[in-house]
Amino acid sequence: MSAVSSNLIERRIVFLLLFVAVALPLVFPIGWKTEVSSYAKQAWELIESAPDSSVVIFSFDYDPASMTELQPMAEAMIEHAFSRNHKIMAMALWPQGMQLAEQAFLKVKESYPDKKYGEDYVNMGYKVAGIVAIQSMGKNMRDVFPADQSGTKYADIPMLSKVKTLKDVAYINSLSSGTPGIKEWVMAARDVYNTPVTGGTTAVSAPGLIPYVNSQKQLHGLLGGLKAASEYEALIGRVGSATVKMDAQSIAHLLILLLILTGNIKAFRARKRSAE
Amino acid sequence: MKRNLPLFFAFFCGLLVIVSEFIPHRPFSLMIDTLQEWFMIISGFAIILGQISLFQSNINKIKQKDSGWMFYLAGLISFILMLIVGMFWGTQETGGLFGHGTALQARLGMKPFDYLFEFAYMPLSSTMFSLLAFFIASAAYRAFIIRSFESNLLMLTAVIVILGRTSFGSMLTGWLPQGLRFWHLPNLSDFIMEYPNSAAQRAIMISAALGIIGSSLRIILGIERSYLGSDK
């Protein structure tokens, strides 16, 4: 068998194994417990400590590609904010974010049917221009969002009657999978107006944002990937989709470790053969 | 004039933004507010420009029957379809040219745009991202090979972080006594993220920031002119 076809077969075996490793735990959940990290705890504490009836911003800065990791975070954090009676102003720096925000609210409203649009939450829709839009929100929110997604004027939205600038919100929660996202919120909102910022991102983007979780509290904690989403679900006592999917992710990670081991054994044997 | 005017605007606006950071008072604050408004308006138009460009480049590729022209055709049809249903019946709470399409909503359970978004775009987009997992698994099998001290270090770090990010990792070292909690895999993984990773990330950030300052100065001073469509 040629080296090329051997590689092709190996690759197919790897793909098949991964498919089985992900699919089986989804069909037959294991129920492994997740340990809560300090990053997830800090994000939880920010929401937990914000006063009752605070107006807060949830920015949906991602698209469906990363929704597997970020949508469970959004749902868990909305649920937490609702339980603390926070008034959520949802917006998006990514075009598809507003649709995902709508879906997250629909899902959480199953547990909180008494929450009313306009009084407890509002979807301001997508805003173009990234960091410049945030800078403008720091000066005048009404100029940036003349109306919400359904066309209701800013002045006619009851929960926003006292919100003039970013200084009037208790905290900002950016769920982001790239630019514009958390980094822009930290630079234009936290560092300029001192409004606390927390957020969630994909596991692959988290290492780049960890430096902002520092003693200056540029970021109040960070949820990185599905594991952090399941940690947050554990913190609010919710068994959501992240908790269910975490088993599959754990098994997939273990499989990858086994593959690394197999690859090394194979390479070692190849080296030994060539030395002989 | 055709080239000098944009260069002058770039110089003037760039300088204004820098000055306003140090003197955040009138007239600079007002001028910056206006510039920010302009930026948001221009960004909105840039989206339209992007769509026109996408449309044109796809049409050209289909006309010339480039390799894989059928995919461009599929992309174009999808683009037009979403544009039409969005314009005709709107999305979510927003109405379109023909109102909210109540009859269609009753049939589909939601507006046609939202239906296509939820049942076509979302699964396709998630699938594209999920495919990465297969390539990562395959790459890990082939790339994480012990060859040198550096590769050993990389593999050891990867193993700790991978295990630390699983529920299984927590169980594996969950029995460790309080005095040895540092060696608990999730703690070890957090340590790697918080110290070696942060140090490297900060170095990258500072280097990138210096690079951005350099590039910005080149644009403001008119040394870098490629944004005008030519580097001459």
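The values are calculated or read from the model by the stated rules, or taken from the named source; none is laboratory data. This structure is a prediction, so every number in the text was calculated from the model and none was measured. FYI the Cβ positions are ideal-geometry reconstructions off the backbone, even for glycines, and counts take in every protein chain you see. For the accessible areas, the whole protein counts, side chains as well, though only heavy atoms, and no ligand, DNA or RNA atoms are used. Shrake-Rupley method; radii C 1.70, N 1.55, O 1.52, S 1.80 Å.
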Note, A:GLY97: beta-carbon cut-off 13 Å, +1 each Lys/Arg, -1 each Asp/Glu, net -2
Within region A:83-133, which GluC sites (Glu not before Pro) sit in a loop by DSSP and count at most 15 neighbouring Cβ atoms inside 10 Å? A:GLU110, A:GLU119
Pairs of alpha-carbon atoms within less than 8 angstrom and 6+ residues apart define the contacts here; what relative contact order does chain B have, in percent? 16 percent
Pick out the long, greasy-scoring helices in chain B: whole DSSP H runs spanning 15 Å or more along their own axis by Cα, mean Kyte-Doolittle at least -0.5. B:4-22, B:28-63, B:69-89, B:122-143, B:149-164, B:198-220
Based on a Kirkwood Rh over C-alpha pairs, give the Stokes-Einstein translational diffusion coefficient of region A:183-276 at 10 °C and viscosity 1.306 mPa s in µm²/s. 97 µm²/s
Peptide ranges A:165-173, B:31-39, A:5-13 listed from the most packed, as the mean C-beta count within 10 angstrom indicates: A:165-173, B:31-39, A:5-13
Tell me what the protein assembly as shown gives for mean residue ellipticity at 222 nm when only DSSP H runs of n ≥ 4 count, each as -39,500 (n - 2.57), the sum divided by the residue total, rounded to 500 deg cm²/dmol. -19000 deg cm²/dmol
Using only the C-alpha atoms of region A:38-241, find the volume of their convex hull and express it per residue in Å³. 101 Å³
Whole-number accessible area per residue in Å² for chain B, which is evaluated in the context of all protein chains at 1.4 Å: 67 Å²
I'd like the interface area for chains B and A: accessible area of each alone minus the complex, both sides summed, 1.4 Å probe, protein heavy atoms only. What is it in Å² to the nearest 100? 5000 Å²
First obtain the Kirkwood hydrodynamic radius of chain B from its Cα pairs, then insert it into the Stokes-Einstein equation at 20 °C and 1.002 mPa s, and state the resulting D in µm² per second as a whole number. 87 µm²/s
Which whole number gives the average count of other chain Cβ atoms within 10 Å of the Cβ atoms across peptide A:251-262? 6
Could you list the chymotrypsin sites (Phe, Trp or Tyr not before Pro) in region B:134-218 that lie in coil according to DSSP, counting only those with at most 13 other Cβ atoms within 10 Å of their Cβ? B:TRP175
What is the sum of charges, Lys and Arg at +1 and Asp and Glu at -1, for the other residues whose Cβ falls under 14 Å from the Cβ of A:GLY240? -3
Quick check: at a probe of 1.4 Å, how many percent of the accessible area of the protein assembly as shown sits on carbon and sulfur atoms? 67 percent
Which whole-number value in Å³ per residue fits the convex hull of the alpha carbons of the protein assembly as shown? 224 Å³
So how exposed is B:ILE145, as accessible area in Å² (1.4 Å probe, rounded to 10)? 10 Å²
For region A:1-62, just the Cα atoms, rotate onto the principal axes and tell me the three extents in Å, largest first. 68, 29, 22
Protection proxy (average C-beta count within 10 Å per residue), highest first, orders B:211-218, B:74-81, A:125-132 as A:125-132, B:74-81, B:211-218
For the protein assembly as shown, what proportion of DSSP beta bridges, expressed in % and rounded to the nearest 5, is antiparallel? 10 percent
Along each of the three principal axes of the Cα atoms of region B:147-221, give the extent in whole Å, ordering the values from largest to smallest. 62, 31, 21
Here the net charge surrounding A:ALA129, from other residues whose Cβ is less than 14 Å away from its Cβ (Lys, Arg +1; Asp, Glu -1), is -3
Peptide A:75-81: average number of partner chain Cβ atoms within 10 Å per residue? 0
Please average, across the residues of B:32-42, the number of beta carbons from any other chain that are within 10 Å of each residue's own beta carbon, and give a whole number. 4
Considering Cα pairs under 8 angstrom that are at least six residues apart, work out the relative contact order of chain A and quote it in whole percent. 25 percent
With N residues in region B:5-143, what two-decimal value do you get for its Cα radius of gyration over 2.2 N^0.38 Å? 1.58
In square angstrom, what is the accessible area per residue of region A:1-114 with a 1.4 angstrom probe? 44 Å²
Sparse-neighbourhood loop sites, trypsin sites (Lys or Arg not before Pro) in region B:60-111 - DSSP loop, at most 15 other Cβ within 10 angstrom: B:LYS65
One computes Rg over Rh for region B:1-66 from alpha-carbon atoms, with the Kirkwood Rh, and obtains 1.24
Output the Kirkwood hydrodynamic radius of region B:67-143, Cα pairs only, in Å rounded to one decimal. 14.7 Å
